Amino acid sequence: MAAATPLELRPLGNTGLKLSCVGFGASPLGNVFGIISESDAIATVRRAFSLGVNFFDTSPYYGGTLSEKMLGKALKALEVPRNEYIVSTKCGRYKEGFDFSAERVTRSIDESLERLQLDYVDILHCHDIEFGSLDQIVTETIPALLKLKEAGKVKFIGITGLPLGIFSYVLDRVPPGTVDVILSYCHYSINDNTLEDLLPYLKSKGVGIISASPLAMGLLTETGPPEWHPAPTELKAACKAAASYCKEQGKNISKLAMQYSLSNKEISTILVGMNSVKQVDENVAAAQELATVGKDEKTLTEVEGILKPVKNQTWPSGIQQS
């Protein structure tokens, strides 16, 4: 597939970074959603990069460090200058559990850099902070990350999580410019767009905005969510009905969902997990079609109608693979 329309690059808050509007979520490289071979992982990253994807996100938590190792090998195999791609990883959440202590996150970055085979990461996120003490994040974790920034191991600092209230809690308690980026997931998709309400606040803080999981962790797919998906039953049923409707119309709900999320240009990038060349091609094609033709408003209106009774229903933080 020729990349006829280059992927749009969008500024990330005040960082000076410009991220491809489609971001590469590398959790599947950690075999989180099934086994992926090293050669397939490398081919998938290579394909993404060749089509204009310049942002790659991982975490030591994904696959118990396997995602970082695989992404590191794949990026090295590109054999391109380091400044041609942007990498974010995370700290504080591990296979063994959560640990946001200064000592652990400081050790964490060195471990991540070794696995990624990099000298620095562009963004280091505190991972799923709702599971820790938010006051510890403010008084201990973020100050430790600022030291890593001074040391040149990290360019920018971010925070991630599911409940939207965590972002303002932290941002209101740290000096302006301390936290550069937030990563929110499952709150800017067809079934839940509550992140929209927070955008003016985040912009006022100069914070870059990454939104992950436009497919709501599998809800907005033809195959449906994984067994462990924590969404309420009625939300799952409504999404299933919406997916069936799309299929009957010869449309794909995942493409529709991707385009819906990409449409808001105040969000710097839509991060989506990818584990095959085919998935990369589909996501990039969705973005290119959106840029040239626009989204399918008729089908979108119908799907929004089906999902209206469950609109903005969320679920408690728990086992999700954020």
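The values are calculated or read from the model by the stated rules, or taken from the named source; none is laboratory data. From a predicted model like this one, the values you see are computed outputs, not experimental measurements. Every residue, glycine as well, gets a Cβ built from its backbone with ideal geometry; the counts of neighbours run over all protein chains shown. SASA here: full protein model, heavy atoms, side chains in, ligands and nucleic acids out. Shrake-Rupley method; radii C 1.70, N 1.55, O 1.52, S 1.80 Å.
Annotations
- Some residue of region 66-75 being of a type in the set (D, E, K, R) and in contact with a Ser or Thr (Cβ under 6 Å, 6 or more places away or on another chain): yes
- Candidates Phe49, Phe55, filtered to the one that is of a type outside the set (A, V, I, L, M) and either in contact with a helix residue (DSSP H, G or I) (Cβ under 9 Å, 6 or more places away or on another chain) or open to solvent by 40 Å² or more (accessible area, probe 1.4 Å) (or both): Phe49
- Qualifying positions in region 11-26 - under 13 Å from Ser211 (Cα atoms), not in a loop (DSSP other than H, G, I, E, B) and not aromatic (Phe, Trp, Tyr): Leu19, Ser20, Val22, Gly23, Gly25
- Considered as a group, the residues in region 29-38 that are modelled with pLDDT of 90 or more and closer than 12 Å to Ser276 by Cβ include one that is most open to solvent (accessible area, probe 1.4 Å), and that residue is Ser37.
- Filtering Val121, Val105 for residues that are buried (at least 17 other Cβ atoms within 10 Å of the Cβ) and in contact (Cβ under 8 Å) with a residue 40 or more places away in the chain leaves a single hit, Val105.
- Residues satisfying the stated conditions in region 81-102, i.e. open to solvent by 50 Å² or more (accessible area, probe 1.4 Å), closer than 30 Å to Leu51 by Cβ and charged (D, E, K, R): Glu84
- Some residue of region 164-174 being open to solvent by 30 Å² or more (accessible area, probe 1.4 Å) and in contact with a His (Cβ under 9 Å, 6 or more places away or on another chain): yes
- The set of residues in region 194-228 that are closer than 20 Å to Lys308 by Cα, open to solvent by less than 30 Å² (accessible area, probe 1.4 Å) and touching a residue at least 24 places away in the same chain (Cβ under 8 Å) comprises Leu195, Ser213, Pro214, Ala216, Met217, Leu219, Leu220, Thr221.
- Cβ pairs under 8 Å, 6+ apart, first in region 133-148 and outside any helix (DSSP H, G or I), second open to solvent by less than 20 Å² (accessible area, probe 1.4 Å): Ser133/Phe100
- Region 286-313, residues that are among the charged types (D, E, K, R), more than 14 Å from Tyr245 (Cβ to Cβ) and surrounded by 15 or more Cβ atoms within 10 Å (Cβ to Cβ): Glu289, Lys295
- Qualifying residues in region 149-161 (those that are of a type outside the set (D, E, K, R) and not in a strand (DSSP E or B)) - the one least open to solvent (accessible area, probe 1.4 Å): Gly152
- Any hit, region 268-285, residues being over 14 Å from Asp192 (Cα atoms), open to solvent by 40 Å² or more (accessible area, probe 1.4 Å) and over 20 Å from the mean Cα position of the chain (by Cα): no
- Search result, residues across region 85-108 that are in a helix (DSSP H, G or I) and either in contact with a strand residue (DSSP E or B) (Cβ under 6 Å, 6 or more places away or on another chain) or of a type in the set (Lys, Arg) (or both): Arg104, Val105, Arg107, Ser108
- Hey, Ser67 open to solvent by less than 10 Å² (accessible area, probe 1.4 Å), more than 23 Å from Glu8 (Cβ to Cβ), touching a strand residue (DSSP E or B) at 6+ places or on another chain (Cβ under 6 Å) and not in a strand (DSSP E or B) or not: no
- Single unsatisfied condition, Thr139 versus (1) open to solvent by 20 Å² or more (accessible area, probe 1.4 Å); (2) of a type in the set (Ser, Thr, Tyr); (3) closer than 17 Å to Thr269 by Cα: (3)
- Consider region 246-262 and keep the residues that are open to solvent by 40 Å² or more (accessible area, probe 1.4 Å) and in contact with a helix residue (DSSP H, G or I) (Cβ under 7 Å, 6 or more places away or on another chain). The one that is farthest from Ala216 (Cα to Cα) is Gln249.
- Meets criteria (within 20 Å of the chain's Cα centre (by Cα) and within 21 Å of Glu68 (Cα to Cα)) for Arg107: no
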